[in-house]
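Asks: Please read through the structure below; I'll follow up with questions.
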Amino acid sequence: MRVLYKHFRGAFKTWRTLFQDASDFATEVGPERLVSISHSEHGIEGVVSVWYWGEPEVCHKCGYNLTGNESGVCPECGTKISWTPS
């Protein structure tokens with residue numbers, strides 16, 4: 001296992017929306033895998049990051065095996081992968 005992350009960002013989204021999106025994702029990840037949630041600014045963008053334990057070879061949303069994936073998107077559910085594909 002290793003620590004993975006997913007960023008929620010937007011110049012035109014409110015902090016409330018960014019935190020709600022991050023909270024929804026953290027709920028999907030589950031408390032046993034959640035490491036932390038952090039926030040920062042990047043230029044004019046607000047950024048909320050969710051850090052969690054996971055295996056990069058499996059989609060965090062649907063569990064699809066992503067070994068060898070080069071697109072950066074899960075072919076099963078369309079979720080963007082937050083790690084560099086192998």
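Asks: In contact with a Ser or Thr (Cβ under 8 Å, 6 or more places away or on another chain) and farther than 18 Å from R2 by Cα - does that describe any residue in the stretch 15-27?
Replies: Yes: one or more hits.
Asks: What about P56, is it touching a Leu at 6+ places or on another chain (Cβ under 8 Å), surrounded by 15 or more Cβ atoms within 10 Å (Cβ to Cβ) and either part of a loop (DSSP other than H, G, I, E, B) or modelled with pLDDT under 85 (or both)?
Replies: Yes: the conditions hold for P56.
Asks: Output the residue which, of all residues in the stretch 28-53 that are over 16 Å from Y5 (Cα atoms) and not small (G, A, S), is surrounded by the most Cβ atoms within 10 Å (Cβ to Cβ).
Replies: The residue in question is E45.
Asks: Checking S40 against (1) in contact with an Asp or Glu (Cβ under 6 Å, 6 or more places away or on another chain); (2) at pLDDT 90 or above; (3) of a type in the set (S, T, Y): exactly one of these is not met. Which one?
Replies: Unmet for S40, out of (1) in contact with an Asp or Glu (Cβ under 6 Å, 6 or more places away or on another chain); (2) at pLDDT 90 or above; (3) of a type in the set (S, T, Y): (1).
Asks: While we're here: Condition first: more than 13 Å from the chain's Cα centre (by Cα), surrounded by 11 or more Cβ atoms within 10 Å (Cβ to Cβ) and part of a strand (DSSP E or B). Can you find one or more residues in the stretch 5-24 that meet it?
Replies: Yes: one or more hits.
Asks: Right, here's the next one. Which pairs turn up if I take residues in the stretch 56-76 that are more than 17 Å from K6 (Cα to Cα) and look for partners that are assigned to a loop (DSSP other than H, G, I, E, B) and among the hydrophobic types (A, V, I, L, M, F, W, C) with beta carbon separation below 6 Å, at least 6 apart in sequence or on another chain?
Replies: Every condition considered, the pairs that remain are Y64/C74; E76/C62.
Asks: Based on this model, can you work out whether E76 counts as charged (D, E, K, R), in a loop (DSSP other than H, G, I, E, B) and on the phi < 0 side of the Ramachandran plot?
Replies: Judged against the criteria, E76 is a match.
The values are calculated or read from the model by the stated rules, or taken from the named source; none is laboratory data. Everything numeric in this text was worked out from a predicted model, so none of it was measured. Note that each Cβ is placed from the backbone with ideal geometry, even for glycine, and that neighbours are counted across all protein chains shown.
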